[in-house]
Amino acid sequence: MSNNNHSINEFDFNLICEYFSSTERQGPGSEEATLKALQLLETLPVHPRIADLGCGTGSSALLLAKHTQGEIVALDLFPQFLENLQLRAEQQGVSERVTTVVGSMDSLPFAESSFDAIWSEGAIYNVGFMRGVHEWFRFIKPGGYLAVTDASWLTDNRPKEIEEFWLDAYPEIDTIANKTKQMAQAGYKDIHTFVLPDNCWETNFYQPQREAQRLFLQRHPNNLTAQELVRNQQREAILYSQYKHYYGYVFYIGRK
Ligand code: SAH
């Protein structure tokens with residue numbers, strides 16, 4: 001989903017939900033990346049309780065359900081995404097271990113120290129990395145984990161066009177070193193990071209959107225909001241192909 005907060009506020013939420021419900025994931029990622037991160041949670045109990053914040057239609061929540069014997073609490077602001085997730089959980093035979101919660105990640109409706117892990121792919125930007133890593137700490141059990149992906153600079157310098165795009169869309173984009181420092185300051189130990197490879201963006205995120213865009217515009221002929229939404233997503237994809245050496249999504253994993 002777009003990191004561009006301006007576009008989210010200005011656009012019709014229903015249209016955004018419809019657009020992103022038609023693709024399997026709403027942000028860059030992959031099964032391999034989720035499972036690689038999961039392996040780094042070395043001391044996870046056999047039946048972990050894991051929250052997936054900003055879960056969307058469940059690309060990571062379903063994998064966590066399949067690859068652990070735990071209970072997954074999947075939270076998102078948009079009920080439409082969660083209905084889609086529930087349907088997929090039933091189809092994949094994991095619905096009894098996946099609970100969906102309509103709620104906001106900026107005021108989590110959970111008890112303190114109630115999760116063995118807090119997971120969040122491509123969504124912490126909604127509250128901002130700093131705020132998210134600090135505020136979510138208290139919901140993690142001692143010895144439990146945080147695993148999140150966030151937009152990060154991959155080099156110390158970058159061309160003006162992409163710098164300006166990101167500073168407008170998500171001013172908290174920062175280098176991996178600085179974000180790791182922020183996590184350590186929030187109290188996390190044993191921090192691991194890895195950059196999501198190109199297929200997480202191109203093959204899994206932008207490519208499926210191309211067909212979705214065509215059908216979406218067909219369903220909403222002459223709708224300026226729909227056209228602008230598609231244009232923004234297309235611009236993001238072009239910028240990514242042009243500047244992918246300078247930024248990416250990074251998995252940040254740390255232990256409380
Ligand atoms: N994790 C999913 C979705 C990422 S897109 C994936 O990787 O495919 C970002 C998600 O954050 C969207 O599903 C959006 O609905 C959700 N979101 C936006 N603001 C939120 C908030 N304040 N609280 C919870 N979820 C939010």
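Coordinate-derived values only; no laboratory data. Note that the structure is predicted; figures quoted are calculated from it, not measured. Virtual Cβ from ideal backbone geometry, glycine too; neighbours counted across all protein chains shown.
List of remarks:
- Expressed as a fraction of 2.2 N^0.38 Å, the value expected for a compact globular protein of N residues, the C-alpha radius of gyration of segment 66-118 is 1.17.
- Percent antiparallel among DSSP beta bridges (both partners in the chain, rounded to 5): 40 percent
- The Rg/Rh ratio for segment 163-228 is 1.17, where Rg is the radius of gyration of the alpha carbons and Rh is the Kirkwood radius.
- Extending 7 Å from the Cα toward the beta-carbon at both H134 and A184 defines two label points whose distance is 1.9 nm.
- A P(r) calculated from all alpha carbon pairs of the chain, with 5 Å bins opening at zero, reads 1, 6, 14, 18, 20, 18, 13, 7, 3, 1, 0 percent.
- In order along segment 247-256, the Karplus-derived 3J(HN,Hα) couplings, from 6.51 cos²θ - 1.76 cosθ + 1.60 at θ = phi - 60°, round to 9, x, 9, 10, 7, 10, 10, x, 10, 7 Hz, and Gly and Pro are given as x.
- Working from Cα pairs under 8 Å separated by at least six residues, relative contact order for segment 1-156 is 22 percent.
- Taken over the alpha carbons of segment 149-193 as equal point scatterers, the Debye sum produces base-10 log I(q)/I(0) values at 0.20 Å⁻¹ of -0.68.
- Projecting the alpha carbon convex hull of segment 79-217 along each direction and taking the average yields 10.9 nm².
- Subtracting the Cα-Cα distance of E90 and V102 from their residue separation scaled by 0.36 nm leaves 2.5 nm.
- Neighbours of V127, meaning other residues whose beta-carbon lies under 13 angstrom from its beta-carbon, give a summed charge of -3 when Lys and Arg score +1 and Asp and Glu score -1.
- From the C-alpha gyration tensor of segment 6-102, square roots of 5λ in Å: 25, 14, 11
- For the chain, the number of Lys pairs with C-alpha atoms closer than 16 Å, counting only pairs eight or more positions apart or on separate chains, is 8.
- Spin-label pair L217/F13, simplified geometry with 7 Å Cα→Cβ offset, distance in nm: 2.8 nm
- Rounded to the nearest 500, the helix-only mean residue ellipticity at 222 nm of the chain stands at -12500 deg cm²/dmol, with each DSSP H run of n ≥ 4 adding -39,500 (n - 2.57).
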